[in-house]
2 protein chains.
Amino acid sequence: MRTVNVALAERAYPIRIGQSLLAKPELILPYLKTPRVAIVTNEVVAPLFLIRLVEGLTDAGVAVESIILPDGEVHKDWPTLNLIFDGLLASRCERSTTLIALGGGVIGDMTGFAAATYQRGVPFIQIPTTLLSQVDSSVGGKTAINHPLGKNMIGAFYQPRLVLADIDTLQTLPDAELKAGLAEVIKYGFIRDLPFLEWLEANLDAILAKDPTALTFAVERSCINKAEVVANDETEQGERALLNLGHTFGHAIEAGLGFGAWLHGDAVAAGTVMAAELSARLGMLQSSDVDRVRRIFERAGLPVVGPRLGAERYIELMRHDKKVEAGRLRLILLKEIGQGIISDATPLADIEAAINACCA
Amino acid sequence: MRTVNVALAERAYPIRIGQSLLAKPELILPYLKTPRVAIVTNEVVAPLFLIRLVEGLTDAGVAVESIILPDGEVHKDWPTLNLIFDGLLASRCERSTTLIALGGGVIGDMTGFAAATYQRGVPFIQIPTTLLSQVDSSVGGKTAINHPLGKNMIGAFYQPRLVLADIDTLQTLPDAELKAGLAEVIKYGFIRDLPFLEWLEANLDAILAKDPTALTFAVERSCINKAEVVANDETEQGERALLNLGHTFGHAIEAGLGFGAWLHGDAVAAGTVMAAELSARLGMLQSSDVDRVRRIFERAGLPVVGPRLGAERYIELMRHDKKVEAGRLRLILLKEIGQGIISDATPLADIEAAINACCA
């Protein structure tokens, strides 16, 4: 088992990464305030992992409630969040009850937001079961639900007490979701970790074959990168924005097609290609660099072109993103491969040209 | 103008108390991140005070959006909260836009929760226009909405950057609401400020006659008491619980009759008498002390007996309160007049007897 520490002063917490962690309640017990938990999961994840987790905790003397939600990004909304509150209140969960998110990013984001707001805040543990949630959404304390007018528009910064990334859960993950998670893994290489990018280029086949050793390394290295960024900038005032490489373009794709039509990671991959293309147009990357960006995503089976919504519609949707300040688009670009930068003053014509160059 | 500082390290903020403050945008400008605000108010408050505030800010070069909600505790729910999000998103308010709550406790709690969660947190200013909100709910950062199964069950601790208590707004306040606010003012005397209680006993008539000098003093002294408690214990791990004197009983009254049937302060007054009665049964107060509690509430026109729901129903409802830990009722009692204490182990029979003695 590997441990990555997220250094956030009084809110510091460990990420445990390894195999067979779900069956080890002793990893969880030290982080409970009282021996009572409510596990939030969904109808797809529950049959795979819920019983294993519940049995271990129950045998260890923990009282367990389970709340099973419908699956999917389309349910990342208030009515579904309210099912969590209904369950907590019906079983009279208290301020000291720990909420455990068992599932992917949607479950993690919603359970985290429920933990942040149930009785103004209860203890929270993340057990991410997808690659995307293990390397990205479970680390850093961003929680949210969607609003019809925007993704993740309602939420909170709320840190878990513990993240448990059991690599074994990835063995049952559909290939499409594994690949979508890979988009975020590759992102860390592009924005701040060239040696990791080179390792990924050399070991991509092992990851795609779900080799546990390769997966453990990729998750650990991703979490180290994310934890460093988050520790430097918890509430996204500066450096943390680099993690949004490809995300502003990606959010436009997701919002333009309707949330759920594309996997988040697929949108990020196509969006990252757009950001790279734009970086080349602004003279920061060579066209061979943009090819390198395209190549690794293609090898991972990820899309490198976006849907043809029209450049104006893209920009309209991008302006509606949370990352907009004073009406100005803030984009993450690549100064070079392995070094992201924040740009507040990119000419609109260049953005449009980059989008047009990267749409099918 | 008087200023009370809430000493919360990097989240410290001032409370300004005085007359004609609504017409002084220069008090607000230093606390804006950008010259853009969204004012949230309700249909009763808007005709009285909104134009004055908007004109001042607009003249000072601030872009102002207004969101007007229906009035009343029954609307302290998700659908109404969502009207705030709809308004913010429709007008594309950004992370740097400041939310201003203009109204009573319901508006303050809902706007604060919207500020805590819109795009994971935007700047927030409170302009309380009722006595209750000026002396209690606008100070301390508690924000929330109700759930059908419990009051304030969904919320966050989120501090404003500034509280502006314009005493002039109390001149149009209905008497019933002035009295309900007085219940909380009197509470500070009982739990920690005997000299203030004695001042209130001597000056109650001036307050009821809405004398500005008396009101200003009462608001300032209340805010000083609340600010001290909150600074010592921001997230209610200990001392802050003292502020709940009368509230666990009071919440049972509000929940038992349906939220909105009784004003919150009325329920707190009757609940405080129950707490005093219970304190006497446990040997801490004399019966003359309980009479003193009853007398000041009666002089203020506040109820001193609760509705006859039955002691078992009271206790059932009290157990559903957020303040419950491990199934155990935590009550605030009076060790003596002017000194509250937290009790976790009050015998159920005594609680029932106290309730029965204080119901009509």
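Throughout, read-outs are computed from the coordinates displayed, never taken from laboratory work. It should be emphasised that the depicted structure is a prediction, and the values quoted were computed from it without experimental measurement. When we count neighbours, we look across all protein chains shown, and the Cβ atoms used for this are built from the backbone with ideal geometry, even at glycine.
Close amide H contacts of B:Arg120 (hydrogens built in the peptide plane, cut-off under 5 Å, sequence separation of 5 or more or a different chain): A:Gly155. Springs between alpha-carbon atoms under 10 Å, Gaussian network over chain B: tell me which of B:Thr41, B:Thr111, B:Thr346 tops the mean-square fluctuations. Per the Cα network of chain B with a 10 Å cutoff, B:Thr346 tops the list.
Between the amide H of A:Ser66 and those of A:Ile39, distances stay under 5 Å, these residues lying 5 or more places away or on another chain, with hydrogens modeled in the peptide plane. Relative to the dominant Cα principal axis of chain B, helix B:264-281 is inclined by about 30°. Summarise the long-distance tail of P(r) for region B:120-205 by giving the % of C-alpha pairs beyond 22 Å. Looking at region B:120-205, the distances longer than 22 Å represent 40 percent of pairs.
Tally the DSSP beta bridges in the protein assembly as shown and give the antiparallel ones as a percent, rounded to 5. Walk me through the intermediate numbers first.
Values: 34 of 80 bridges.
DSSP beta bridges in the protein assembly as shown are roughly 45 percent antiparallel.
Per-residue 3J(HN,Hα) values for region B:203-219, derived from phi via the Karplus relation 6.51 cos²θ - 1.76 cosθ + 1.60 with θ = phi - 60°, read 10, 4, 5, 5, 5, 5, 7, 6, 5, x, 5, 5, 4, 4, 4, 5, 5 Hz in sequence order (x marks Gly and Pro).
Calculated [222 nm] ellipticity per residue, helices only, for chain B: -13500 deg cm²/dmol; basis is -39500 (n - 2.57) per DSSP H run with n ≥ 4, divided by all residues, nearest 500. Between A:Glu336 and B:Gln19, the C-beta separation translates, for a Förster distance of 60 Å, into a calculated FRET efficiency of about 0.50. Counting only Cα atoms, the size of region B:174-227 along its three principal axes is 28, 19, 16 Å, in decreasing order. For B:Cys359, the residues whose amide H sits under 5 Å from its own are B:Gly306, ignoring neighbours fewer than 5 places away on the same chain, with H placed 1.01 Å from N.
Once Rh is set to the Kirkwood radius over Cα pairs, what Stokes-Einstein translational diffusion coefficient, in µm²/s, holds for chain B at a temperature of 20 °C and a viscosity of 1.002 mPa s? Before the final figure, lay out the partial values.
Working: Rh = 20.5 Å.
Once the numbers are plugged in, D ends up at 105 µm²/s.
The GNM of chain B, with springs linking C-alpha atoms under 10 angstrom apart, assigns the highest mean-square fluctuation among B:Val40, B:Val64, B:Val229 to B:Val64.
Sorted from greatest to least, the principal axis extents spanned by the alpha carbons of region A:7-107 come out as 33, 32, 30 Å.
Name the shape class, rounded, prolate or oblate, that the alpha-carbon gyration tensor gives for region B:301-360, where a ≥ b ≥ c are the square roots of its eigenvalues, rounded holds for a/c under 1.5, and otherwise prolate holds if a/b is larger than b/c and oblate otherwise.
Details: a/c = 1.72, a/b = 1.09, b/c = 1.59.
Oblate, because a/c is 1.5 or more while a/b does not exceed b/c.
Placing one equal scatterer on every Cα of region A:179-357 and applying the Debye formula, the log10 ratio I(q)/I(0) at q = 0.15, 0.16, 0.18 Å⁻¹ is -0.82, -0.93, -1.19. Note on region B:145-252: Cα Rg divided by 2.2 N^0.38 Å, N the number of residues, gives 1.16.
Based on the alpha-carbon gyration tensor of region A:268-332, what equivalent-ellipsoid semi-axes (square roots of 5 times the eigenvalues) come out, in whole Å, largest first? Mind showing how you got there, number by number?
Numbers: eigenvalues 104, 44, 20 Å².
So the equivalent ellipsoid measures 23, 15, 10 Å along its semi-axes.
Build a GNM of chain A with springs between Cα atoms under 10 Å apart, and of A:Ala144, A:Ala227, A:Ala349 the one that fluctuates most is A:Ala349. For chain A, the longest principal axis of the Cα atoms and the long axis of helix A:287-299 meet at an angle of about 40 degrees. Highest-first packing order for the peptide set B:158-171, A:161-174 is B:158-171, A:161-174, based on the mean count of other beta carbon atoms within 10 Å. In this simple spin-label approximation, A:Ala90 and A:Met1 carry label points 7 Å from Cα along the Cα→Cβ vector, and these lie 3.3 nm apart. Between identical copies, the spacing of A:Ala206 label points, each set 7 Å from Cα toward the C-beta atom, reads 8.1 nm from nearest to farthest. The HN-Hα couplings worked out from phi for region A:247-260 by the Karplus form 6.51 cos²θ - 1.76 cosθ + 1.60 (θ = phi - 60°) are 7, 5, 4, x, 4, 4, 5, 4, 6, x, 8, x, 4, x Hz, whole numbers, x standing for Gly and Pro.
Label-point spacing for B:Lys335 across the identical copies (point 7 Å from Cα in the Cβ direction), in nm and ascending order: 6.0. 3J(HN,Hα) along region B:148-156: x, 9, x, 6, 6, 6, 10, x, 7 Hz, from the Karplus curve 6.51 cos²θ - 1.76 cosθ + 1.60 with θ = phi - 60°, whole Hz, x for Gly and Pro. Rg of the Cα atoms in the protein assembly as shown, relative to 2.2 N^0.38 Å, amounts to 1.02.
The same position A:Gly258 in the other copies lies at 3.9 nm from this copy, comparing label points 7 Å beyond Cα toward the beta-carbon, shortest first.
Taking label points 7 Å from Cα along the Cα-to-Cβ direction, B:Glu55 and B:Gln286 give a separation of 5.6 nm.
Rounded, prolate or oblate: pick one for region A:2-172, where a ≥ b ≥ c are the square roots of the eigenvalues of its C-alpha gyration tensor, a/c under 1.5 means rounded, and failing that, prolate if a/b is larger than b/c, else oblate. Working shown, then result.
Working: a/c = 1.26, a/b = 1.18, b/c = 1.06.
Rounded, because the longest to shortest axis ratio a/c is under 1.5.
With Rh defined as the Kirkwood radius, the inverse of the mean 1/r over Cα pairs, the Rg/Rh of region B:17-70 is 0.96. Relative to the longest principal axis of the Cα atoms of chain B, helix B:78-90 runs at roughly 10 degrees.
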